[in-house]
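The following block contains the structure, expressed as structure tokens.
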Amino acid sequence: MSDTREMLTGAEIVLRALKDQGVEVIFGYPGGAVLPIYDALFQQNAIRHILVRHEQAAVHAAEGYARSTGKVGCVLVTSGPGATNAVTGLTDALMDSIPLVCLTGQVPTHLIGNDAFQECDTTGITRPCTKHNYLVKDVNNLARTVHEAFYVARTGRPGPVVIDLPKDVQFATGPYIPPATVAHKTYRPRTDADMSVIDRAIDMLLTAERPVIYGGGGIINSGDEASVLLTEFARLTNIPVTLTLMGLGAYPASDRQFLGMLGMHGTYEANLVMHGCDVMFNIGARFDDRVTGRLSAFSPTSKKIHLDIDPSSINKTVMVDLPVIGDVKTVLKALIGRWKERGAQLKAEPLKAWWGQIEEWRKRDSLRYGSNGLIIKPQHAVRRLWELSQGRETFITTEVGQHQMWAAQYFGFEKPRRWMTSGGLGTMGYGLPSAMGVQIAHPDALVVDISGEASVMMNIQEMSTLVQYRLPVKVFILNNQYMGMVRQWQELLHGGRYSESYSESLPDFVKLAEAFGARGFRALDMNDLDDVIRATLDHPGPVIADICVDQKENCFPMIPSGAAHNEMLLGPEDKADPVSTEEGMVLV
Amino acid sequence: MKQPQPINRHTIAVLVDNEPGILARVVGLFSGRGYNIESLTVAEVEQAEQLSRITVVTSGTEQVIEQIKAHLGRLVPVHKVHDLTAEGPHVERELALVKVAGTGDRRVESLRIADIFRARAIDSTTESFVFEITGSQEKVNAFVALMIPLGLVEVSRTGIVAISRGASGF
Ligand SMILES: Cc1ncc(C[n+]2csc(CCOP(=O)(O)OP(=O)(O)O)c2C)c(N)n1
Ligand SMILES: [Mg+2]
């Protein structure tokens, strides 16, 4: 039998497979072990390559791209240091369930294991930080492997997949196989739940007098339809909704039923609702320790329903009464259908009383903040940014620290996929490259990295990429001259000994922006703030806005680690309970 | 305070694609998440389909065992995960090679005990034997213990392999 399949080089197979998988953009950085692929890239137009300045940034950019579009992000790096530089980004994507395919170059197969130049055990190093990885030693398996990698990255609980490509395989000639003919042997995550389970969920909800929906990033990953269905279900039942950091945007922030974010820096009402509820419906969240606080005191009186696509998320830290394994949109659709069919209705009187209680908690206005003359309060800066960007299609990314929490608290997200933040890993340096990826995917949108002066330094080199590709990303630095979140913990838990948390010798961010060929603006006090925000938003190119904010401001409400939801600190006047402080000190 | 959960031993059989790195993936999952491995065996069981079977003996609370199974099931090359301990009657066997050196009465005694345990001598010199013994882990332990005073030199054990009783398979 003659082989009628098209014969290509390994490098060409890779690019063809990417194209057939719908890849339009790849974020990468060249090196010896991927030169054949770069050569093939040079000779085609279907896929656009974005040259970053550090491989970590390539991965974060692909994360931003993926998170804001729902597509699989794609990365190309060289062997050895290229691959090791990508590791932080891969771990970040694994923790936050972001679908990525990362191609890494490798030394030729006959040199593997010889400590060759720029060799590292990429599959060994990335095994614990990817959903799956492959080393392709035979060009005949290449096309199938690339297609399979995309399938694995996007199905079930999404995650990063690495394909390690020895240089000789990139040169070798082999057959190209189109995606349609590739199916994975066994990997078929379950997406729908049995009707009997859905009925039990409805039965449990119907017993509720104090229900809550606790939603997470799984709703976003399930697709925009999942958010629509969540909103429909919440309206149908009048159940209050709170969201995790990763879930923001899955339910409109302006809605009356929305309680705000929950957890360590969540609102008073969200956390007290979690603490006092009698039926909790967890949709696509994972009982993260930032959310639960002290486990032994977490929501002690509730029956718990947990909808998740990943069976290993069930009963990991919190034991639940009813696991529902499935995809959010598929299950919610069935649930809503069944709810209507059964003519289900929650008990009206208790629910009304519950809402009455919630309105009381709301009156505490836990996100209120003070003013301090001309000094800019960071919360106010975020609020003004939000207000002045109304009417635009806006995407927000963040770095990690207090500014991240203020962004989550004070920027209202009405739709999914508008909010990109490093939740699980908490990676400083995520925001700027991630914003780059978002802007590539949404060239006409307003993309802002709400940033801290310490975090932004971790991938500041990407300003150069922004300028090269004319990506008008706005880097909005809440400059408190401190690693504020570290300083806050030192103040609350370590006797105010501010060990190494002062940001010494900061660059002049305005001049830095100019040095890169971008624009820089600075707001020194309240008199400048609105003008600087307007100038930043109006400038057609990349901007660094250096917003000099109150240096000593802390992020509240706060549940100190080791404390329970009802042991929240609402402001500087509250002191942490010494017992939970001692236990909490050993936690992170 | 909640009662401390009892710790139980479970034998779990895992059918996997026999591909490079699969063992590292399974072992890495246990070490990375702080789970226990008491024994682990692996070999290809289906040549045409390139499937291997891993038998892992682990211990933990019921919650931990459920987590272990869920995490194993989540690995992309894993086809099936069966908790033989939880799923019903099954048989477990281990094979050991036991080297004993000695002369005179001790040598005769070791042979006599081997006979009682149905262990076979598969190598012998004038001053040593290598016995092959198969059985439950307890039986192998008992045999090895008896060989210590008789001149035990070294032991090599396979770890447990297991299969369910009755007609049905995986
Ligand atoms: C890569 C990395 N290193 C260290 C940390 C620990 N960390 C968390 S927040 C923070 C300070 C961040 O400072 P800044 O960016 O100025 O933000 P602020 O809290 O002041 O808003 C540090 C060091 C981290 N999250 N990531
Ligand atoms: Mg700071």
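The values are calculated or read from the model by the stated rules, or taken from the named source; none is laboratory data. Being a predicted model, the structure only gives us computed values, none of them experimental. A quick note on method: Cβ atoms are made from the backbone with ideal geometry, for glycine too, and the neighbour counts reach across all protein chains shown. Remember, those area values only see protein heavy atoms, side chains included, never the ligands or the DNA or RNA. Shrake-Rupley method; radii C 1.70, N 1.55, O 1.52, S 1.80 Å.
Could you check how much of the accessible area of the stretch A:269-403 is carbon and sulfur, as a whole percent, using a 1.4 Å probe?
Working: 2830 of 5550 Å².
Whole-percent figure for carbon plus sulfur exposure: 51.
Using +1 at the Cβ of each Lys and Arg and -1 at the Cβ of each Asp and Glu in chain A, identify which of A:H49, A:T78, A:Q257 lies farthest towards the dipole's positive end.
Towards the positive end, the residue furthest out is A:Q257.
Grab the alpha carbons of chain A, take their convex hull, and tell me the volume per residue in Å³.
On the way: hull volume 94.3 nm³, N = 588.
Cα convex hull per residue, to the nearest whole number: 160 Å³.
Need the per-residue list for the stretch A:181-211: every residue with at least 20 Å² less accessible surface in the complex of protein chains than in the chain by itself, probe 1.4 Å, sorted by number.
Going by heavy-atom accessible area, the residues of the stretch A:181-211 that drop by at least 20 Å² are A:H184, A:K185, A:T186, A:Y187.
Compute the orientation-averaged projected area for the stretch A:51-102 from the convex hull of its Cα atoms and round it to one decimal in nm².
Working: hull surface 12.5 nm².
Computed as one quarter of the Cα hull surface, the answer is 3.1 nm².
Sticking with this one: Bin by bin, in steps of 5 Å, what percent of the Cα pairs in the stretch A:104-254 do you find, going until the bin that has the longest distance?
Once binned at 5 Å, the Cα pair distances of the stretch A:104-254 give 2, 8, 12, 14, 13, 11, 9, 8, 8, 6, 5, 3, 1, 0.
So, how do all the Cα-to-Cα distances of the stretch B:1-116 break down into 5 Å bins, in percent, from 0 on up?
Final binned percentages: 2, 9, 18, 18, 14, 10, 8, 7, 8, 5, 2, 0, 0.
Can you work out the base-10 log of I(q)/I(0) for the stretch A:59-185 at q = 0.12, 0.13, 0.17, 0.22 1/Å, using the Debye formula on its C-alpha atoms alone?
Log10 of I(q)/I(0), two decimals: -0.42, -0.49, -0.83, -1.27.
Cross-link candidates for A:K137: which lysines have Cα within less than 27 Å, leaving aside residues fewer than 8 places away along the same chain?
Here the lysines satisfying the reach criterion relative to A:K137 are A:K19, A:K167, A:K185, B:K80.
From the phi angles alone, apply the Karplus equation (6.51, -1.76, 1.60; θ = phi - 60°) to the stretch A:504-520 and give each ³J(HN,Hα) in whole Hz, x where the residue is Gly or Pro.
So the Karplus estimates, Gly and Pro as x, are 6, 6, 5, x, 7, 5, 5, 5, 4, 4, 5, 4, 7, x, 10, 9, x Hz.
Using a 1.4 Å probe on the heavy atoms of the protein chains only, list every residue of the stretch A:298-321 that has 50 Å² or more less accessible area in the complete assembly than in its chain alone.
A:S312
Moving on. Could you give the size of the charge dipole of the protein assembly as shown about its Cα centre, using +1 on the Cβ of each K and R and -1 on the Cβ of each D and E, expressed in debye and rounded to the nearest 20? Each step should come with its number before you reach the end.
Values: 73 positive and 86 negative charges, 247 e Å.
In debye, rounded to 20, the protein assembly as shown gives about 1180.
Explain nothing, just the number: dipole magnitude of the stretch A:71-213 about its Cα centre with +1 on each Lys and Arg Cβ and -1 on each Asp and Glu Cβ, in debye rounded to the nearest 20.
Working: 13 positive and 14 negative charges, 51 e Å.
Roughly 240 debye, rounded to the nearest 20.
Can you spot the lysines whose alpha carbon is less than 19 Å from A:K511's alpha carbon? Ignore those fewer than 8 places along the same chain.
A:K474
Hey, another quick one. Have a look at B:Y35, B:G166, A:I305 and report the one farthest towards the positive end of the charge dipole of the protein assembly as shown, computed about the Cα centre with Cβ charges (Lys/Arg +1, Asp/Glu -1).
Result: B:G166, furthest along the dipole toward the positive end.
Right, something else. So which trypsin sites (Lys or Arg not before Pro) in the stretch A:109-205 end up in coil per DSSP with only 14 or fewer other C-beta atoms within 10 Å? Show your work: numbers first, answer last.
Working: sites: A:K131, A:K137, A:R144, A:R154, A:K167, A:K185, A:R190, A:R200; in loops: A:K131, A:K137, A:K185, A:R190.
The qualifying sites are A:K185, A:R190.
Right, here's the next one. Ratio of alpha-carbon Rg to the 2.2 N^0.38 Å globular estimate for the stretch B:39-170, to two decimals, please. Numbers along the way, then the final one.
Values: Rg = 18.6 Å, N = 132, 2.2 N^0.38 = 14.1 Å.
For the stretch B:39-170, the normalised Cα radius of gyration comes out at 1.32.
Per residue, how much accessible area does the stretch A:4-124 show when a 1.4 Å probe rolls over the protein heavy atoms, in square angstrom? If you can, show how the numbers build up before the last one.
Details: 4310 Å² over 121 residues.
So the stretch A:4-124 comes to 36 Å² accessible per residue, rounded to a whole number.
Can I get the semi-axes of the stretch B:59-127's equivalent ellipsoid? Compute them from the C-alpha gyration tensor as square roots of 5 times the eigenvalues, in angstrom, largest first.
Details: eigenvalues 375, 38, 26 Å².
The three semi-axes for the stretch B:59-127 are 43, 14, 11 Å.
Just flag the GluC sites (Glu not before Pro) in the stretch A:464-549 sitting in loop per DSSP whose Cβ has no more than 11 other Cβ atoms within 10 Å. Please report the intermediate quantities before stating the final value.
Values: sites: A:E491, A:E500, A:E504, A:E514; in loops: A:E500, A:E504.
Taking the stretch A:464-549 and a limit of 11 other Cβ atoms within 10 Å, the loop GluC sites (Glu not before Pro) found are A:E500, A:E504.
Continuing with this model, one more query. Placing +1 on the Cβ of each Lys and Arg and -1 on the Cβ of each Asp and Glu in the protein assembly as shown, which of A:Y430, A:P572, B:Q50 has its Cα farthest towards the positive end of the resulting dipole?
Among A:Y430, A:P572, B:Q50, the one farthest towards the positive end of the dipole of the protein assembly as shown is B:Q50.
Can you list residues from other chains, or at least 5 along the same chain, whose modelled amide H is less than 5 Å from the amide H of A:L103?
So A:L103 has HN proximity to A:V75, A:L76, A:V77, A:I163.
Enumerate the calculated ³J(HN,Hα) couplings along the stretch B:152-168 in order (Karplus 6.51 cos²θ - 1.76 cosθ + 1.60, θ = phi - 60°), each rounded to whole Hz, writing x wherever the residue is Gly or Pro.
4, 9, 7, 10, 10, 10, 7, x, 7, 10, 8, 8, 6, 7, x, 7, 7
Would you mind checking A:K71/A:K347; A:K303/A:K329; A:K304/A:K340; A:K303/A:K352; A:K303/A:K415; A:K363/A:K415 for any pair whose Cα atoms are more than 31 angstrom apart? Can you show the working numbers first?
Numbers: A:K71/A:K347 41 Å; A:K303/A:K329 22 Å; A:K304/A:K340 22 Å; A:K303/A:K352 20 Å; A:K303/A:K415 29 Å; A:K363/A:K415 26 Å.
Pairs exceeding 31 Å: A:K71/A:K347.
Using only protein heavy atoms and a 1.4 angstrom probe, determine the accessible area buried between B and A, summed over both sides, in Å² to the nearest 100.
On the way: alone 9990 and 22910 Å², together 31540 Å².
Adding both sides of the contact gives about 1400 Å².
Between the DSSP loop rule and a limit of at most 12 other Cβ atoms within 10 Å, which trypsin sites (Lys or Arg not before Pro) in the stretch A:472-580 are left? Spell out each step's value before the answer.
Values: sites: A:K474, A:R487, A:R497, A:K511, A:R519, A:R522, A:R534, A:K552, A:K575; in loops: A:R497, A:K552, A:K575.
Sparse-neighbourhood loop trypsin sites (Lys or Arg not before Pro): A:R497, A:K575.
Write down Rg/Rh for the stretch A:83-128, rounded to two decimals, with Rg from the C-alpha atoms and Rh from the Kirkwood relation over Cα pairs.
Values: Rg = 12.1 Å, Rh = 11.7 Å.
Taking Rh as the inverse mean 1/r over Cα pairs, Rg/Rh reads 1.03.
Another question, if that's okay. Going by a ≥ b ≥ c, the root eigenvalues of the Cα gyration tensor, does the stretch A:396-542 fall in the rounded group (a/c under 1.5), the prolate group (a/b larger than b/c) or the oblate group? Can you show the working numbers first?
Working: a/c = 1.67, a/b = 1.38, b/c = 1.21.
Prolate is the answer for the stretch A:396-542, as a/c is 1.5 or above and a/b outweighs b/c.
Can you compute 3J(HN,Hα) from phi for each residue in the stretch A:208-217, using the Karplus curve 6.51 cos²θ - 1.76 cosθ + 1.60 with θ = phi - 60°, rounded to whole Hz and x for Gly and Pro?
The phi angles translate into 6, 10, 9, x, 8, 9, 10, x, x, x Hz.
If the only charges are +1 at each Lys and Arg Cβ and -1 at each Asp and Glu Cβ, what is the size of the charge dipole of the stretch A:180-234 around the Cα centre, to the nearest 20 debye? Could you put the intermediate results ahead of the total?
Values: 5 positive and 8 negative charges, 74 e Å.
Computed charge dipole of the stretch A:180-234: roughly 360 debye.
Additional query: Does the stretch A:187-255 come out rounded, prolate or oblate by the C-alpha gyration tensor, with a ≥ b ≥ c the root eigenvalues, rounded set by a/c under 1.5 and, if not, prolate when a/b is larger than b/c and oblate if not? Before the final figure, lay out the partial values.
Numbers: a/c = 1.97, a/b = 1.03, b/c = 1.91.
Verdict is oblate for the stretch A:187-255.
Taking a virtual spin label 7 Å from the Cα of B:L111 along the C-beta vector, which residues in the stretch B:127-170 bring their backbone nitrogen under 12 Å of it?
Label zone hits: B:127-129.
Could you work out the helix-only [θ] at 222 nm for the protein assembly as shown, with each DSSP H run of four or more residues adding -39,500 (n - 2.57) and the total divided by the number of residues, to the nearest 500 deg cm²/dmol?
Values: 27 runs with 272 residues, N = 758.
Theoretical 222 nm ellipticity from helices: -10500 deg cm²/dmol.
Would you mind checking which residues have amide H under 5 Å from A:R48's amide H? H placed 1.01 Å from N; only 5 or more apart, or other chain.
Under 5 Å from the amide H of A:R48: A:V25, A:I26.
What is the set of long-range amide H partners of B:L51 at a cut-off below 5 Å, with H atoms built 1.01 Å from backbone N?
HN-HN under 5 Å from B:L51: B:N18, B:V45, B:E46.
Quick one: with all protein chains in place, what share of the accessible area of the stretch B:51-107 is carbon or sulfur, to the nearest percent (1.4 Å probe)?
Details: 1170 of 2210 Å².
After summing per-atom areas, the C and S share lands at 53 percent.
Something else about it: Could you give the accessible area per residue of the stretch A:332-450, probe 1.4 Å, as a whole number in Å²? Display every interim value, and only then the final one.
Working: 4710 Å² over 119 residues.
Per residue, the stretch A:332-450 has 40 Å² of solvent-accessible surface.
Looking at the stretch B:1-31, which residues lose a minimum of 50 Å² of accessible area between their chain alone and all protein chains in place, measuring with a 1.4 Å probe and not counting ligands or nucleic acids?
B:R25
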